[in-house]
Amino acid sequence: MKWGSAALRRLPTTILALLLVDLGVGIVAFVLAVGLRFSFDWSIVAESVGALPLRAVVFTGSLVVGLLSMGLYRPRQRPTPSEAAVRVILGVVVGGGISIILFYLVPDVSFGRGALALALFIAVTLVFGVRLGMLRILDFNPIKRRVLVVGGGEAASRIYRLRRRADRRSFDVVGFIVASAEERQVANKLDIEPLLTPEEARAILRLDEIVVALDDRRGMLPLDFLLNQKQRGVSVTDVIDFLERETERLDLDILKPSWLLYEQSSQTDILYRWMKRLFDLVFSTVLLLLMSPILVVTLIAIRIGDGPSAPVLYRQRRVGLYGRVFNLLKFRSMRVDAEVGTGPRFSSAGDDRITRIGRLIRRFRVDELPQLFNVIRGDMSVVGPRPERPEFVEVLARQESLYLYRHGVRPGLTGWAQLNFPYGASIDDAREKLTYDLYYIKNTNIITDLLILLQTLEVVVWGRGTSMSGSPR
């Protein structure tokens, strides 16, 4: 079963670098805080606090989890200084909350409230300063993978369009091999450069990876060159795999349905499915109990705002596992007559059908809480693609043959697309979100599910998908 080892192997070196630096920062903040709290008298520290290594690990681990929940380990993040500051502060606050909970559950890892407050203050300062510096270093990383692309057509242009520094933190393209005059003409039309002949490519002193991105491979694949480079230790990658790794989505324009047919996924592992179902039941039940005060307050607010006779819950038909239709539960956030005369249509920013209370509960995703009952009933999972309405599914399936593939898993309360793309308001947006849904289905495992669930806090706080990586390309 894919317990997540594949996810760890795919961890970008840029994120690994940020993680290692933050671990170091956490330990430094812990040591400085404890030292300042006890005037750097380590004999008093040993007597008053106890052994430091375990406490340092707990604090640093909590700090990293908090930063992760605010989206600060996204590979292509490029936050403004003000946005980075806010996210770091919130991340450290979340980490501090986790530390406090652990202190109460396991008193032996506590190191005092005063020292904790100092450690959090120091961590905010250090993480913010170090992170901005690290992102600048990673943008101009001199040891990026040197990548050679075989091809100069539409498939190769997908790589060439990744021009932003944040998109290319892990690699540099040294050139594009074109083997014919026709291919060179196509590359010129697409403004792809620099163009190399196979002979010129052989003269390149150092290559780390070759990406095969030919639109038509029949008779055009430089097999001798590729085999020779592979014998030298250069990895050879298909363009679909390369783009998937670098963009964390699947490019539908070059993806062939047969490619997904032979891919291995945890969805075919019965143990993973049973464990995920057990987690869904436990998580939903616990969260319902914890959120019950908010559920009651929301119910009362809707009653007061829309009148005692107005319905509180809204039932909407959605398509679930294997195409089965179920009734999705939500707190009603629109007028009762929202679709009278118009029929089903996507919600959009500034939608005049949304009530005042509805706008507030949508902002913090409170309207989605009743779907926990859908999870308990088995209609949904905690993590998975968001379920769509049958009317839209019919249209989308006609336009994109791979759309129905997302029904091979239970839809979720949250998902990879929700973290990476704003609220969908059109057919084009739904197609864009599909690229992330297919990536999730292909790469799903326990670690991926837990990371998505944790980072959902970012969406709740910011009220949308992350903006730090810019719009999808």
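The values are calculated or read from the model by the stated rules, or taken from the named source; none is laboratory data. Since this is a predicted model, take the numbers as computed values, not measurements. Here the Cβ positions follow ideal geometry from the backbone for every residue, glycine too, while neighbour counts run over all protein chains shown.
Of note:
- Leu221 in contact with a helix residue (DSSP H, G or I) (Cβ under 8 Å, 6 or more places away or on another chain) and surrounded by fewer than 18 Cβ atoms within 10 Å (Cβ to Cβ): no
- Some residue of region 313-327 being over 25 Å from Arg410 (Cα atoms), out of contact with any Ser or Thr (no Cβ under 8 Å at 6 or more places or on another chain), modelled with pLDDT of 80 or more and of a type in the set (A, V, I, L, M): no
- Single condition Gly133 does not satisfy, out of (1) surrounded by 16 or more Cβ atoms within 10 Å (Cβ to Cβ); (2) assigned by TED's automatic domain parsing to the domain that holds Leu32; (3) not aliphatic (A, V, I, L, M): (1)
- Among residues of region 187-196, those that are surrounded by 13 or more Cβ atoms within 10 Å (Cβ to Cβ) and in a loop (DSSP other than H, G, I, E, B), counted: 3
- Filtering region 170-186 to residues that are assigned to a helix (DSSP H, G or I) and either under 13 Å from Met220 (Cβ atoms) or touching a Cys at 6+ places or on another chain (Cβ under 8 Å) (or both) leaves Ala181, Glu182, Glu183, Arg184, Val186.
- Per this entry, Arg78 is counted among residues that are under 30 Å from Val239 (Cα atoms), outside the structural domain of Leu457 (by TED's automatic domain parsing) and not polar (S, T, N, Q).
- Residue within region 384-399 that is closer than 27 Å to Leu295 by Cβ, small (Gly, Ala, Ser), more than 14 Å from the chain's Cα centre (by Cα) and modelled with pLDDT of 90 or more present: no
- Any hit, region 146-159, residues being in a helix (DSSP H, G or I), assigned by TED's automatic domain parsing to the domain that holds Phe242, among the basic types (Lys, Arg) and without any contact (Cβ under 8 Å) to a residue 24 or more places away in the chain: no
- Test: residue in region 203-210 that is at pLDDT below 90, crowded, with 17+ Cβ neighbours inside 10 Å, in a loop (DSSP other than H, G, I, E, B) and in contact with a strand residue (DSSP E or B) (Cβ under 7 Å, 6 or more places away or on another chain): no
- With respect to the conditions (1) at pLDDT 90 or above; (2) polar (S, T, N, Q); (3) surrounded by fewer than 17 Cβ atoms within 10 Å (Cβ to Cβ), Thr13 lacks only one, and its number is (1).
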